Amino acid sequence: MAISSEHKGMVVAGWLLAVSALLGTGLLAVVNQHSEPYIAENERIMLLRSLNEVVPIESYDNEILEDQMMVLAPEYLGSKKASIVYRARKAGKPVAVVLTVVAPNGYSGPIVLLVGIDYSGDITGVRVVKHRETPGLGDAIEIERSDWIERFTGKSRRNPGRAGWKVKRDGGEFDQLTGATITPRAVVAAVSGALEYFEHNRDNLFISNAEIQARDEEAKGLQQ
């Protein structure tokens, strides 16, 4: 049976559409493949910039992004998943750690923080890296919006003491944000939890990967 010209036209159009879709998919895959390294490098640069805001770059000489470990401590660090800890050292000696901390009870959801703590237990800096707090109110926790987050620098478990680690409305020493109490309350509690975790785990946090490997090998040898 002869195929009408109209039917032929539909078949050709269908093939052209399929080929176009295939070419588009292939082109997108090629673009993504070539752009992924640039995206990863940009993310690395942004992370390093944030780390250097909480731990001064002149205070350490190791590759802080490479000197890291994973810890699981939801009761202190707020995440049910393992959290990344970055370690800063100078001439091989421990200087500070940067804990990845989650404040789970922000006004609009979890707030992710980087908390820098030096070897003596004093905070070197805190930065918010992810949140969904209300623009114009809760987002004042960002350093770009206000200097409120700087109030943690230099604080420790001893200063202001356990009772002081609350917002002023709750009897503590930290200011609320104008029109927002839930957000700063969540951040203060999260930073306090990070300090408490550090206090209980300082030596383990600074152990090097080589030391971990040696300890594991020694444990295996004792079991044999």
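Assorted remarks:
- Restricted to region 88-108, and to residues there that are assigned to a strand (DSSP E or B) and in contact with an Asp or Glu (Cβ under 8 Å, 6 or more places away or on another chain), the residue that is nearest to Ser192 (Cα to Cα) is Gly106.
- Counted residues, region 81-122 - those being among the aromatic types (Phe, Trp, Tyr) and either in contact with a strand residue (DSSP E or B) (Cβ under 6 Å, 6 or more places away or on another chain) or surrounded by fewer than 15 Cβ atoms within 10 Å (Cβ to Cβ) (or both): 2
- Some residue of region 91-101 being among the small types (Gly, Ala, Ser) and in contact (Cβ under 8 Å) with a residue 40 or more places away in the chain: yes
- Taking the criterion of being closer than 17 Å to Thr178 by Cβ and either surrounded by 14 or more Cβ atoms within 10 Å (Cβ to Cβ) or modelled with pLDDT under 95 (or both), the residues of region 148-163 that qualify are Trp148, Ile149, Arg151.
- Selection of region 175-202 for residues being touching a Gly at 6+ places or on another chain (Cβ under 8 Å), among the polar types (S, T, N, Q) and either free of Cβ contacts under 8 Å to residues at least 12 places away in the same chain or under 15 Å from Ser83 (Cβ atoms) (or both) yields an empty set.
- Looking across region 136-162, the residues that are assigned to a loop (DSSP other than H, G, I, E, B), over 17 Å from Leu51 (Cα atoms) and under 21 Å from the mean Cα position of the chain (by Cα) come down to Arg145, Ser146, Asp147, Lys155.
- Annotation: Val129 fulfils all but one of (1) closer than 19 Å to Tyr76 by Cα; (2) part of a helix (DSSP H, G or I); (3) touching a residue at least 24 places away in the same chain (Cβ under 8 Å); the unmet one is (2).
The values are calculated or read from the model by the stated rules, or taken from the named source; none is laboratory data. Nothing here was measured: the structure is a model prediction, and the numbers come from that model. Cβ atoms come from the backbone with ideal geometry, glycine included; neighbour counts cover every protein chain shown.
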